[in-house]
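Asks: Input: one structure, supplied below.
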Amino acid sequence: MAHYLVSGAAGFIAASVISQLLDADHTVVGVDNLNQAYDVRMKEYRLGRLLSRAGFTFHRTDISDRAAVLSQGEVYQQNYQGVINLAARAGVRQSLEDPWVYVDTNMTGTLNLLEVCRRQGIPKFILASTSSIYGANAPLPTPETAESDHPLQPYAASKKGAEVMAYVYHTLYGVD
């Protein structure tokens, strides 16, 4: 039985991942800021289903808040076997209107969680990215080795930045 931190816990993909981890008898701490990016009632519904499960605890917190992430011992300073970062501000069109919130969540939030891994000696970090990083002329189906240095929107650029930061933490600190 392993212990995991999953960000974006009330999101569609994260809620499914958490359910599967709980089904496999792992314990999970979920974090989410429950922002208004889309109907919060959907997030609350998924979260309500998870809260009824043994082995799951939830904390409402924003991964882009560096002070909160690096100081909340009850949440971020546990003996996790891995961090699964599924929190993201998604939306190609919306990122043109407010690119800062995309950088905050997707890049700074990822950096904060990577720093938790470094400081706590957490060996595994999983990051969900997006096919948007491959730009306009990606081959289909798109292999991970396809060129991704020319994203076309702030959303895609912020996800590419998160990938690069994960690579840096792998190279410098051995976070897998």
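Asks: When Lys and Arg each count +1 and Asp and Glu each count -1, what net charge do the other residues less than 14 Å away from Tyr169, Cβ to Cβ, add up to?
Replies: Cβ neighbours under 14 Å give a net charge of 0.
Asks: Cα centroid distance between the stretch 116-176 and the stretch 1-66, in Å?
Replies: The distance from the Cα centre of the stretch 116-176 to that of the stretch 1-66 comes to 22 Å.
Asks: Here's a follow-up. Helix 154-173 against the longest principal axis of the chain: what's the angle in degrees, Cα atoms only, rounded to the nearest 10?
Replies: With both axes taken from Cα atoms, the answer is about 60 degrees.
Asks: What angle, in degrees between 0 and 90 and rounded to the nearest 10, separates the Cα long axis of helix 109-120 from the longest principal axis of the Cα atoms of the chain?
Replies: 50 degrees
Asks: List the lysines whose Cα sits under 24 Å from the Cα of Lys124, skipping any in the same chain fewer than 8 residues away.
Replies: Straight-line reach from Lys124, under 24 Å: Lys159, Lys160.
Asks: Oh, and also: Highest mean first, how do 151-164, 14-27, 38-51 rank when packing is the count of other Cβ atoms within 10 Å averaged over residues?
Replies: The most tightly packed comes first, giving 151-164, 14-27, 38-51.
Asks: Calculate how steeply helix 40-51 sits against the longest principal axis of the alpha-carbon atoms of the chain, using the helix alpha-carbon long axis, and give the answer as 0 to 90 degrees to the nearest 10.
Replies: For helix 40-51, the angle is close to 40 degrees.
Asks: I want the antiparallel fraction of DSSP beta bridges within the chain, as a percent rounded to 5.
Replies: Taking every DSSP beta bridge with both residues in the chain, the antiparallel ones total about 0 percent.
Asks: Could you work out what % of the accessible surface of the chain is carbon and sulfur, using a 1.4 angstrom probe and leaving DNA, RNA and ligands out of the count?
Replies: For the chain, the apolar C and S fraction of the accessible surface comes to 53 percent.
Asks: Give the shape of the stretch 59-141 as rounded, prolate or oblate, defined through the alpha-carbon gyration tensor: a ≥ b ≥ c are the square roots of its eigenvalues, a/c under 1.5 means rounded, and otherwise the shape is prolate if a/b is larger than b/c and oblate if not.
Replies: Note, shape of the stretch 59-141 comes out oblate.
The values are calculated or read from the model by the stated rules, or taken from the named source; none is laboratory data. None of the values given here were measured: they were computed from a predicted structure. Positions of Cβ are backbone-derived with ideal geometry, glycine not excepted, and every protein chain shown enters the neighbour counts. Each accessible area value is taken on the protein alone, full model and side chains, heavy atoms only, with ligands, DNA and RNA left out. Shrake-Rupley method; radii C 1.70, N 1.55, O 1.52, S 1.80 Å.
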